[in-house]
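All remarks here apply to the structure that follows.
The values are calculated or read from the model by the stated rules, or taken from the named source; none is laboratory data. In this text, all values refer to a predicted model and were calculated from it rather than measured experimentally. Note that each Cβ is placed from the backbone with ideal geometry, even for glycine, and that neighbours are counted across all protein chains shown.
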Amino acid sequence: MKTIFRTLLLVICLTPIGLSAGTPTLFDQFGHTELLKLELELSLDTMYAKVDTNEEYPAIFRYQDAHGKWVELPSEIRARGRYRRRVCDFPPLRIDFSKSDLRARGLAEHDDMKLVTHCQTGKKGKEAVLREYLAYKMYQELSDHALRAQLVEVTYKDTESNQELVKYGILLEDIDELAARKASVECDECFGLSTVEFQQENLRTHAMFQYMIGNVDWSIPMSRNLKILKPVDGGLNTVVPYDFDFSGIVNVGYAVPARDIGQHKVGERVYLGAELNSSELQSTIQLFKSRQGNFEAMVSDFDLLSRSDKREILEYLQSFYTALDNGTVCAEFTAKNCPTVPGK
């Protein structure tokens, strides 16, 4: 009872004063187009100098609204990510906005978001962003506990040299924004939780999705590359995944196989979820089969992706659906007694 009371009190404290629950957010302003035009004016020298720290520095954030007008907001940015900031040519960023500025614009106080950058230079960096964007969109097809992802074309304007760099990226809504929609709060200290403390359908869908895209870079006990949401009414927790760069769908050059769990090469599918009974497995399989056509159309219709990348992703997805059909995904779906499905 005390836990529920504390959670409710936290939600009340986090609710923006003077704004209703239906108040639009900054992220809501981006949904008018699949590819949003952005400008980020910043010092690239400062960005690289502070890449190993969480120290913020000023930047000007601009986006093109539904009428083609440029909207400008002051912001603070910093590098983020434990691994990518170390290996990327261009680090992923966290963008923080002023709550008072958002209020003045009639927006809710969800004041930060993540920017997945191109990481690597050249064609590989571009394709990796587009492929990871598809992974986010696929999970949205499966679960309503999914982060919204907005594909962006970012013009980075260096304040030192006045040079410009135009690259694709992905804006991710903050977990608190999703939590507010789901009447939940993020559980920052939810390490080592038992599976019985989660919504079981959510766990099954998440685990099967990670298996489908060939991603093993996640852990619920360690809260690695996922967030855990706790409903304010004291209900069961839910999992919200992010960061799919090590998956077979994305297949970045810096990814390495997780040999400690039996993965011999990146993209080799290894199931990391809980053991399922036959009924649970069949229910989950039916969900994924019902979305197969949507996934294939999503890839085929994605004009920004090269034909070779489309073909590669479609073949990779087909290998998953073949595994569903031929029994490779067996009745007791566990890493222990289910054969792995080869990667690319």
Condition check for V216: modelled with pLDDT under 95, in the same structural domain as S283 (by TED's automatic domain parsing) and part of a loop (DSSP other than H, G, I, E, B): no
One residue is enough: does region 41-49 have a residue meeting the conditions closer than 18 Å to Y168 by Cβ, of a type outside the set (A, V, I, L, M) and either free of Cβ contacts under 8 Å to residues at least 24 places away in the same chain or part of a loop (DSSP other than H, G, I, E, B) (or both)? no
Scan region 226-233 and tell me whether some residue there is of a type outside the set (S, T, N, Q), closer than 18 Å to E132 by Cα, out of contact with any helix residue (DSSP H, G or I) (no Cβ under 7 Å at 6 or more places or on another chain) and free of Cβ contacts under 8 Å to residues at least 24 places away in the same chain. yes
Give the residues of region 114-157 that are charged (D, E, K, R) and touching a strand residue (DSSP E or B) at 6+ places or on another chain (Cβ under 7 Å), sorted by residue number. K114, K126, E132, K137, R148, E153, K157
Condition first: more than 23 Å from the chain's Cα centre (by Cα), outside any strand (DSSP E or B) and of a type outside the set (A, V, I, L, M, F, W, C). Now tell me which residues in region 66-100 satisfy that. H67, G68, K69, S98, K99, S100
Residue that is in contact with a helix residue (DSSP H, G or I) (Cβ under 8 Å, 6 or more places away or on another chain), surrounded by 14 or more Cβ atoms within 10 Å (Cβ to Cβ) and not polar (S, T, N, Q), where the choices are L193, L130, L178, L115: L130
Could you tell me which residue of region 68-95 is nearest to N225 (Cα to Cα), considering only residues that are surrounded by 19 or more Cβ atoms within 10 Å (Cβ to Cβ) and small (G, A, S)? G81
Report yes if E153 is part of a helix (DSSP H, G or I) and at pLDDT 95 or above, otherwise no. no
Residue check, L287 touching a residue at least 40 places away in the same chain (Cβ under 8 Å) and not hydroxyl-bearing (S, T, Y): yes
Say we look at region 101-141 and pick out the residues that are in a helix (DSSP H, G or I) and modelled with pLDDT under 95; which of these is farthest from L314 (Cα to Cα)? G122
(1) more than 21 Å from K37 (Cα to Cα); (2) in contact with a Pro (Cβ under 7 Å, 6 or more places away or on another chain) all hold for V116 apart from (1)
Can you confirm whether region 156-164 contains a residue that is surrounded by 21 or more Cβ atoms within 10 Å (Cβ to Cβ), of a type in the set (G, A, S), at pLDDT 95 or above and on the phi < 0 side of the Ramachandran plot? no
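Matching residues to (1) under 20 Å from the mean Cα position of the chain (by Cα); (2) part of a loop (DSSP other than H, G, I, E, B); (3) within 30 Å of G122 (Cα to Cα):
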residue: D245; (1), (2), (3): yes, yes, yes
residue: A255; (1), (2), (3): yes, yes, yes
residue: Q263; (1), (2), (3): no, yes, yes
residue: G273; (1), (2), (3): yes, yes, no
residue: K289; (1), (2), (3): no, no, no
residue: A297; (1), (2), (3): no, no, yes
residue: D303; (1), (2), (3): no, yes, yes
residue: I313; (1), (2), (3): yes, no, yes
residue: D325; (1), (2), (3): no, no, no
Residues being in contact (Cβ under 8 Å) with a residue 40 or more places away in the chain, within 24 Å of H110 (Cα to Cα) and not in a loop (DSSP other than H, G, I, E, B) - total across region 156-200: 16
Which pairs do you get when a residue that is not assigned by TED's automatic domain parsing to the domain that holds M212, found in region 246-275, comes within reach of a residue that is of a type outside the set (S, T, Y), reach meaning Cβ atoms under 8 angstrom, with the pair 6+ apart or on two chains? none
